[in-house]
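Okay, structure first, notes after.
The values are calculated or read from the model by the stated rules, or taken from the named source; none is laboratory data. Remember, it's a predicted structure, so these values are computed and weren't measured experimentally. FYI the Cβ positions are ideal-geometry reconstructions off the backbone, even for glycines, and counts take in every protein chain you see.
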Amino acid sequence: MLSRTRPSWLPPKDPKEEKRHLTEYQKIMKASIEAEKKREERNKQHQCTNDATRDSLHRVWTYYTEPTTDIAIIDRRVNSLCWRGIPSKFRGSAWKRAVGNPLGLAAKSYDLASQRVAEIKSKSPTNLTDLEKRMTAWFRDIEGDAETAFPELSLFSKHGPQREDLIKVCEAYASYRSDVGYVYGMQLVAALILLQLPDPADAFMLLANCLNKALPLAFQTGDIVATSRTFAKVHSTLSTKFPRLHDYLFNDQDQGGLGFSAEELLEPMFRTLFANGLDLDKLCRVWDIWIFEGDHCLIQTAVALLGALQHQIFDVQGDFQLRRRNVQEMIGWGPFNRTNSGYWELSALKDEESFVEEIRAAGKLDCTGR
C-alpha cells in the first residue's frame, strides 16, 4: 500500500524498509483506534455522570416541593443546589415553598382584593375617594404596561392568553397594598411569577411575599435610607472588582467619569429584580439564587452584570452628554445597545453558567461586611 502511494519518479522502497514502515503504520492506526475508544468511553462516562446528577437533582427538588415535606428539617445544604438552577418543572413550587407565606395570605385574600378592584371600577368618578382615584390611575397604567412583559413570548400582548391574569394580579396587589400601589416594573415581576405559577391566586400570593422582602420593598416604596444602603454595597463591591469601570461610571466629568448617581443607573434593575434587561433564562437563574440565598445576591448580580457590560460601556462614543445618556439607557430601561428583544447583550459570557460564576465571584469580593 505504501509503495503504491510512492511517487513514480522515486525508486522502489527496499522491502525491509517497507515492511518496517508498514509495521509502524499499523501501530499508529492501532493507537489511534484505542485513543478513539477511550474518548468514546470518557464521553459515555461523562454523559452517565450528567444523567446521574440530573436524576439526583430531580429527586431532591421533587422531595422539596412535596406538600407533605417539612422543609424546616431539610439539611440547609440543599440551598446550595439553587446555584445549579432549579428545573423549570419545579421552579414555581420551589420558589413558593422557599419564600413561604409570612404575610399569611390565602386564595381568599386574592378574591377579596379582586372584589375591591371591581367595586372601585364600578363607581362613578364623582363618588371616588382620593385613594380610590389614585387606584383608578394605577389600574389604567397596569392595562397599558401589561404588554411590555416578555414581548417575545406574546403571552401578555393585547390578545395574549395570560394578559388578563397579569392585569388582575397587579390590580389585586395594588388593592391589597395600597400603601405601595403600582409602579412601573411591577408588571415584569408579576409576569415572571405567572410564567412559573399560572394560577393567578398563587401568583398573587408569591408576588406579595416576594415584594415584602427588605430590598424589593425598599425600592417599591422609595425608602431612601434602605436603597442608599444597597447602592453603597454595590459601590463597595464594584470598586474592588472593577475599579476602572466604577470610576468611569461614578466619578465626575473632570475626573474622566460620567458622573452618575447610583440611583440614576441602578434603580431600574433593583426595582424590577433584573427583569428590566435580563433574558428569561438568566433571570430565572438569578431568582433561583435570590429566593434561597437572600437579598445580598442581588448586590452580587448587579456587580456581575455591570462587569459583563463593561466593554460595551467603554465603547460608547460621542460627547459627554451623549455617552451619558446612552450608557444610562443601556443599563437602565433600554433600548440603547440592547438586543432586538430589549435584553442586555451578554455575549461576553459563554452561557448561563458563566453568568452564575460571575455572581458567585462577586460574592467573594463583597467588602460590605455582611
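Here are the numbers for the structure shown:
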read-out	value
Scan of region 291-330 for residues that are closer than 25 Å to Pro102 by Cα and part of a helix (DSSP H, G or I), ordered by number	Ile291, Phe292, Glu293, His296, Cys297, Leu298, Ile299
Selection from region 282-340 of residues that are among the aliphatic types (A, V, I, L, M), farther than 22 Å from Phe231 by Cα and in contact (Cβ under 8 Å) with a residue 12 or more places away in the chain	Val316
Pairs with Cβ under 7 Å, 6+ apart, first in region 158-173 and among the basic types (Lys, Arg), second surrounded by 19 or more Cβ atoms within 10 Å (Cβ to Cβ)	Arg163/Ala146; Arg163/Phe156; Lys168/Ser114; Lys168/Pro200
Region 76-113, subset within 18 Å of Glu352 (Cα to Cα) and polar (S, T, N, Q), residue modelled with the lowest pLDDT	Ser80
Residue satisfying condition, being at pLDDT 95 or above and buried (at least 17 other Cβ atoms within 10 Å of the Cβ), within set Ala146, Ala214	Ala146
Residue in region 297-306 that is of a type in the set (S, T, N, Q) and either touching a His at 6+ places or on another chain (Cβ under 7 Å) or surrounded by fewer than 21 Cβ atoms within 10 Å (Cβ to Cβ) (or both) present	no
Number of the condition not met by Pro11 [criteria: (1) over 30 Å from Trp287 (Cα atoms); (2) surrounded by fewer than 12 Cβ atoms within 10 Å (Cβ to Cβ); (3) at pLDDT 75 or above]	(3)
Residue check for Leu265: surrounded by 16 or more Cβ atoms within 10 Å (Cβ to Cβ), touching a helix residue (DSSP H, G or I) at 6+ places or on another chain (Cβ under 8 Å), under 18 Å from Ala218 (Cβ atoms) and outside the structural domain of Leu194 (by TED's automatic domain parsing)	yes
Any chance Ser354 is over 21 Å from Phe270 (Cβ atoms) and either touching a helix residue (DSSP H, G or I) at 6+ places or on another chain (Cβ under 6 Å) or assigned to a loop (DSSP other than H, G, I, E, B) (or both)	no
Filter result for the condition that a residue is acidic (Asp, Glu), under 30 Å from Glu293 (Cα atoms) and at pLDDT below 75, over Asp55, Asp51	Asp51
Options Thr240, Thr227; residue that is part of a helix (DSSP H, G or I) and crowded, with 19+ Cβ neighbours inside 10 Å	Thr227
Region 99-120: number of residues that are in contact (Cβ under 8 Å) with a residue 60 or more places away in the chain and on the phi > 0 side of the Ramachandran plot	1
Flag for Gly104 being in contact with a Phe, Trp or Tyr (Cβ under 6 Å, 6 or more places away or on another chain), assigned to a loop (DSSP other than H, G, I, E, B) and of a type in the set (Gly, Ala, Ser)	no
